[in-house]
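Just so it is clear, none of the values below were taken in a lab; they were calculated from the coordinates. Nothing here was measured: the structure is a model prediction, and the numbers come from that model. Cβ: placed from backbone, ideal geometry, glycine included. Neighbour counts: every protein chain shown.
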Amino acid sequence: MRITAHVLPRVTLYTGKLTNSHMSWPHLEGIELADPDCHSDDPVELLLGADTYAAILRPGLRNGGPLAPLAQQTTLGWILSGIAGSRTSQGTISSNQCAVDEQLTSLVRQFWEQEEWPKPAEMALTAEDQKCEDFFATTHSRTPEGRYVVRLPLKSAPTDLSDTRVAAVRLLQTMERRFRQHPTFQQSYQDFMLEYERLGHMTKAAATSRSQEKRTCFLPHHGVIKESSTTTKLRVVFNGSQRGTRGVSLNDHLLTGPNLLPALADVLLRWRTHRYAVVADIEKMYRQVLVHPDDRDLQRIIWRDNVDQNMQEFKLNTVTYGLACAPYLAIRTLRQLATDEGKAHPLAASALMHDIYVDDILTGASTLSKTKEA
């Protein structure tokens with residue numbers, strides 16, 4: 001018989017010693033034990049696995065009662081197991097096995113780290129986040145109407161991104177094939193783009209010069225349908241991560257900025273303390289913030305109403321979802337609004353700073369008059 005074994009200096013301290021008086025059990029008479037000297041205090045030298053134990057078992061079993069050992073026939077002879085008389089020691093010998101699942105441990109650790117309240121030291125900005133904050137502070141501006149204008153926070157001057165036009169054209173052609181199969185989807189898509197242009201959120205782009213081409217990027221777009229939405233069932237999403245033929249995307253060049261969102265649990269718990277609660281949604285939140293004209297060539301798209309027209313280039317004039325910096329720019333602009341208008345509207349400024357999660361406002365006050373004022 002071949003077995004797998006580990007050679008150890010000591011297997012166990014347990015001996016399982018029997019006294020000579022124990023050997024007078026009637027049911028053990030006339031059998032040949034595998035260990036004829038089992039009453040001695042010899043150490044355990046070989047520990048067999050359960051698979052080996054099953055292989056050496058033979059028919060034959062002798063049971064002497066509740067306080068007597070059980071005798072089992074094996075190829076090595078009879079072996080004894082179980083109780084050998086009344087207990088003479090209060091000690092209990094037990095063997096336990098512990099298996100550590102590192103993957104599970106890591107998942108649990110990540111869960112608690114995500115749910116844990118952030119500590120002030122952990123909220124310190126990284127070098128890139130600080131660079132993004134400084135850039136916003138020195139480059140944002142407001143129009144005479146009060147609308148904010150922001151610059152795209154670039155890590156460095158982008159390489160030539162004009163090769164992204166190939167992917168933008170290819171995806172538009174894919175969408176047009178889908179339009180032919182789903183006329184309702186086509187109509188919703190066209191309505192979305194017409195509204196985008198009508199609101200001034202995109203305008204037709206003039207032909208670019210050779211020097212401008214390197215600072216021109218084209219964003220492919222596709223439609224996402226959300227049946228549960230009560231306002232817009234279809235939303236067109238722009239892909240800032242699309243790489244051109246050189247393997248580089250616009251998002252590769254953008255700073256993402258720090259996460260400025262408060263803890264959702266904090267927002268919800270504070271909202272529940274108000275006697276008068278207010279729930280609101282900022283419509284087209286990202287598109288309320290203008291992008292500086294010098295950066296709009298980095299937000300070009302290809303579009304046409306139908307396949308009979310020539311493909312046209314458009315510039316997106318507002319903060320565009322799909323860019324790595326878009327969430328930061330939108331929330332940072334709201335905070336800037338709270339700072340700029342805080343003296344005139346302190347309650348509203350407090351709500352903008354603490355009671356907003358993405359584009360949802362969950363705020364309120366203890367009195368109706370304060371609620372209306374906010």
Cβ-derived FRET efficiency at R0 56 Å, ALA34 paired with LEU125, nearest 0.05: 0.15
Peptides 294-301, 34-41 ordered by average Cβ neighbours within 10 Å, highest first: 294-301, 34-41
Max mean-square fluctuation residue, GNM over the chain, Cα-Cα springs under 10 Å, options LEU104, LEU337, LEU47: LEU47
Given charges at Cβ of Lys, Arg, Asp, Glu: the range 294-357 dipole, positive-most of MET353, ASN306, VAL319: MET353
Difference of contour (0.36 nm per residue) and Cα-Cα distance, THR139 to ASP42: 26.4 nm
Answer label for volume of the Cα convex hull per residue in Å³ (calculated), chosen among (i) 166; (ii) 341; (iii) 155: (ii)
Among LYS226, LYS131, LYS315: highest mean-square fluctuation, GNM of the chain, C-alpha pairs under 10 Å: LYS226
Most fluctuating residue given options GLY64, GLY223, GLY322, as computed from a GNM of the chain linking Cα atoms under 10 Å: GLY64
Relative packing of 174-181, 257-264, which averages over residues the other C-beta atoms within 10 Å, highest first: 257-264, 174-181
Packing-based exposure ordering (other Cβ within 10 Å, fewest first) of THR159, THR363, THR126: THR126, THR159, THR363
222 nm mean residue ellipticity, helices alone, for the chain (DSSP H n ≥ 4; -39,500 (n - 2.57); rounded to 500): -9000 deg cm²/dmol
Near-label residues of the range 336-358 by backbone N, under 18 Å of a point 7 Å along Cα→Cβ of LEU199: 358
Under 22 Å from LYS204, Cα to Cα: lysines that are on another chain or at least 8 residues apart: LYS214, LYS284, LYS315
Relative intensity, log₁₀ I(q)/I(0), of the range 221-374 from a Debye sum that treats every alpha carbon as a point, q = 0.08 Å⁻¹: -0.32
Using a Förster distance of 22 Å, the FRET efficiency for ARG180-GLN309 (Cβ separation, nearest 0.05): 0.90
Extended-chain gain in nm, criterion 0.36 nm per residue less alpha-carbon gap, THR367 and ARG58: 102.6 nm
